[in-house]
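Read-outs: derived from the displayed coordinates by stated rules, not from any lab. This structure is a prediction, so every number in the text was calculated from the model and none was measured. Heads up, the Cβs are rebuilt from the backbone with ideal geometry, glycines too, and the neighbour counts pull from every protein chain shown.
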Amino acid sequence: MDRSAEEKQQNLSILLLTHFYPPEMGAAAARCHGLARWLVRLGHQVTTLTGFPNYPSGNIPSEYRRKFRVSENRDGVKVVRTWVFATSHRSSIRRLLNYLSFLVSAIITGISLRSSFDVILVSSPPLFIGVAGSVLASAFRVPLVLDLRDLWPDVAIEAGAFTEKSFPVKWSRFLADFIYRRAAHLTPVTESKLERLKANGVEKERMTVVTNSVDFDKLNLSKEFE
């Protein structure tokens, strides 16, 4: 088999599930956009499933209002946006509604996509997005890969928002364990997170540390080497 044929066989159709995506601001949106763009550059076909942009203002742009689903192309990536309960995230209740609304709409929209995917890639947090990814992975009968930037509910405990024995923590830990069991592979962002997951029963063979990266397209290095 020649090299081009071998590379063609390795190309994947990937459904990337993320709560945040440009034009939204923040590290999560920028990271997922960069990841999707570079996967396309490597020859993979990427469909990003995300919500209507509303972070951090809590306002949905006019072109997305009164709609449930909008498809567009951004840097070679097919982006499918679906309805969410918009919020500025100042209220815990409204933030929860924002997460739950995307959980439901992402499942509905994802199942309705007339595509054949090889893998579902989920960027978490929020934790609920892992549930949507699990449902879609089952619907498409493909592996679920869970990219973990923070571990819930650990991060909430460390921030002092909840105690270990509180109901939200117990419920979140149950949900997290369910999602971790469903994932074919997990990619924590640091070695310490990998070790914490391992201590909680996740097999090391199912994990690979994927650290934060640098997008060289955003840097002008020419002057540094003149």
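Among the residues of region 41-58, those that are over 17 Å from the mean Cα position of the chain (by Cα) and closer than 16 Å to Pro22 by Cβ comprise Pro56, Ser57.
Kindly indicate the residue of region 29-54 that is under 23 Å from Arg65 (Cα atoms) and hydrophobic (A, V, I, L, M, F, W, C) and also surrounded by the fewest Cβ atoms within 10 Å (Cβ to Cβ) among those meeting that condition.
The initial filter retains those residues of region 29-54 that are under 23 Å from Arg65 (Cα atoms), namely 29, 33, 47-54.
The next check asks that each one be hydrophobic (A, V, I, L, M, F, W, C); those that pass are 29, 49, 52.
Values: Ala29: 20, Leu49: 28, Phe52: 22.
So the residue we want is Ala29.
Being assigned to a strand (DSSP E or B), more than 23 Å from Leu100 (Cβ to Cβ) and not polar (S, T, N, Q) is the filter here, so list the residues in region 6-44 that pass it.
From region 6-44, those assigned to a strand (DSSP E or B) are 13-17; that's our starting set.
This time we only want the ones that are more than 23 Å from Leu100 (Cβ to Cβ), so: 13-14.
If the condition is that a residue be assigned to a strand (DSSP E or B), more than 23 Å from Leu100 (Cβ to Cβ) and not polar (S, T, N, Q), then Ile14 is the only one that fits.
If you filter region 164-194 down to residues that are among the aromatic types (Phe, Trp, Tyr) and more than 12 Å from Met207 (Cα to Cα), you find that the one that is surrounded by the fewest Cβ atoms within 10 Å (Cβ to Cβ) is Phe167. Across region 66-85, the qualifying residues are those that are in a strand (DSSP E or B) and basic (Lys, Arg), and the one among them that is nearest to Arg37 (Cα to Cα) is Arg74.
When only residues in region 55-64 that are farther than 16 Å from Thr109 by Cα and not charged (D, E, K, R) count, which is surrounded by the fewest Cβ atoms within 10 Å (Cβ to Cβ)? Even if it seems obvious, please write down each step before you answer.
Initial filter on region 55-64 (farther than 16 Å from Thr109 by Cα): 55-63.
Next, from what is left, pick out any that are not charged (D, E, K, R): 55-62.
Working: Tyr55: 22, Pro56: 13, Ser57: 13, Gly58: 15, Asn59: 13, Ile60: 19, Pro61: 11, Ser62: 7.
Taking the candidates together, the pick is Ser62.
The residues in region 108-127 that are surrounded by 19 or more Cβ atoms within 10 Å (Cβ to Cβ), more than 22 Å from Asn212 (Cα to Cα) and of a type outside the set (Ser, Thr, Tyr) can be counted, and the count is 2. Between Thr109, Thr47, the distinction of being part of a helix (DSSP H, G or I) and touching a residue at least 40 places away in the same chain (Cβ under 8 Å) belongs to Thr109 only.
Does region 198-205 contain any residue that is exposed (fewer than 14 other Cβ atoms within 10 Å of the Cβ), in contact (Cβ under 8 Å) with a residue 12 or more places away in the chain and over 16 Å from Pro153 (Cβ atoms)? Walk me through it before giving the result.
Our first condition is that a residue be exposed (fewer than 14 other Cβ atoms within 10 Å of the Cβ); within region 198-205, this holds for 199-201, 203-205.
If we keep only those that are in contact (Cβ under 8 Å) with a residue 12 or more places away in the chain as well, we get 200-201.
Among the residues that remain, those that are also over 16 Å from Pro153 (Cβ atoms) are: none.
No; the residues of region 198-205 include none that is exposed (fewer than 14 other Cβ atoms within 10 Å of the Cβ), in contact (Cβ under 8 Å) with a residue 12 or more places away in the chain and over 16 Å from Pro153 (Cβ atoms).
Out of Pro188, Pro143, one residue alone is out of contact with any Cys (no Cβ under 7 Å at 6 or more places or on another chain), under 19 Å from Arg31 (Cβ atoms), in contact (Cβ under 8 Å) with a residue 24 or more places away in the chain and not hydrophobic (A, V, I, L, M, F, W, C). It is Pro188. Of all positions in region 75-91, at least one carries a residue that is surrounded by fewer than 19 Cβ atoms within 10 Å (Cβ to Cβ), of a type in the set (Lys, Arg) and under 17 Å from Pro126 (Cβ atoms). Among the residues of region 121-174, write down those that are under 12 Å from the mean Cα position of the chain (by Cα) and over 24 Å from Glu195 (Cα atoms). Matches in region 121-174: Ala132 only. If you check Lys67 against the conditions, is it loosely packed, with under 13 Cβ neighbours inside 10 Å and under 28 Å from Ala139 (Cα atoms)? Yes, satisfied.
Selection within region 92-107: residues that are farther than 18 Å from Ala137 by Cα and out of contact with any Phe, Trp or Tyr (no Cβ under 8 Å at 6 or more places or on another chain). The member of this set that is surrounded by the fewest Cβ atoms within 10 Å (Cβ to Cβ) is Ile93.
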